[in-house]
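This report concerns only the one structure given below.
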Amino acid sequence: MTIRVEPITPDGFAPFGRIFEIGASGGLDEAVVRTDGPGWADAYTHDPLLSTNASLGMTRAGGMPFEVRQMERHPNTQEAIFCAEAPIVLVVAEAGPEAQPDISGVRAFSIQPGTVAVMRPGTWHDACRGLYGPASYYWMATVRTGTEWRDVAGGPVPVVVEAV
C-alpha cells in the first residue's frame, strides 16, 4: 500500500486535529487575529495554541519520497507542527487504544509555510519530511510525557507525491 500526499485542509485533517492559517495568504478565521502597520503585518492565534505548557523544537529532515516504518504518539499532549522554510509532509494515523498504528489508517498531508497543524493527544505521526527536498520545521509539545515509537502494522508505508 502506497500513501499519496494530499494538501492539508480543515475537513481532511479533522480526525487528527486542527489547522490554523496564520500566513499572509490565510483567509478569514475567527481563531486567528490579524494586525498590521506601516511596513508590517502579523497574525497570531486568538487563544493559546496548545492546552499545556510546551517546549519549542526544530527538526531537519530529508525530502520525498520516503518510507514510514515507525510512528510516535504523545498520549498526554497535543503537538503543533509548522514550516520553517518550505512545504513539509506530515504523516499521521488516528489516536486510539491500539498498541501501534495500522497501515490502513495512515494519511499524508502537505503543509505550506504559514499553516500550523495541531495534533490531538495520542495521534500517531512520523517526523515530517520536505515536500521538495530536505527542509526544517518547528514543533511545540510538552516533552518527557511518555512519547512512544511503534512499528506500523502492515508497514513499511511508502509515501509518494503527485501534483500537490
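No lab work stands behind these numbers, since they all come straight from the coordinates. Predicted, not measured: the structure shown is a model, and the values here were computed from it. Cβ: placed from backbone, ideal geometry, glycine included. Neighbour counts: every protein chain shown.
Here are some notes:
- Stretch gain in nm, segment S55-S104, where the contour uses 0.36 nm per residue and the Cα spacing is subtracted: 14.5 nm
- The order of S51, S136, S110, going from fewest to most other C-beta atoms within 10 Å of their C-beta, is S51, S136, S110.
- Considering only A141, A153, A93, the mean-square fluctuation computed in a Gaussian network model of the chain, springs between alpha carbons under 10 angstrom, is largest for A153.
- Per residue, the average separation of C-alpha pairs within less than 8 Å and at least 6 apart gives the chain a relative contact order of 37 percent.
- With a cut-off of 15 Å between beta carbons, the residues surrounding P7 carry a summed charge of -2, where Lys and Arg count +1 and Asp and Glu -1.
- With a simple spin-label model that places each label point 7 Å from the Cα along the Cα-to-Cβ direction, the separation between Q112 and E94 comes to 2.8 nm.
- The chain, helix-only ellipticity at 222 nm - DSSP H runs n ≥ 4, -39,500 (n - 2.57), divided by all residues, nearest 500: -500 deg cm²/dmol
- Restricting region 1-106 to trypsin sites (Lys or Arg not before Pro) that sit in a DSSP loop and have at most 13 other Cβ atoms within 10 Å of their own Cβ leaves R69.
- Relative compactness, region 118-164, computed as alpha-carbon Rg over 2.2 N^0.38 Å: 1.41
- Fewest-first sequence of W124, W40, W139 by Cβ atoms within 10 Å of each Cβ: W40, W139, W124
- Other residues whose C-beta falls under 11 angstrom from the C-beta of E98 contribute a net charge of 0, scoring Lys and Arg +1 and Asp and Glu -1.
- Global form of region 62-164, assessed from the alpha-carbon gyration tensor, a/c cut-off 1.5: oblate
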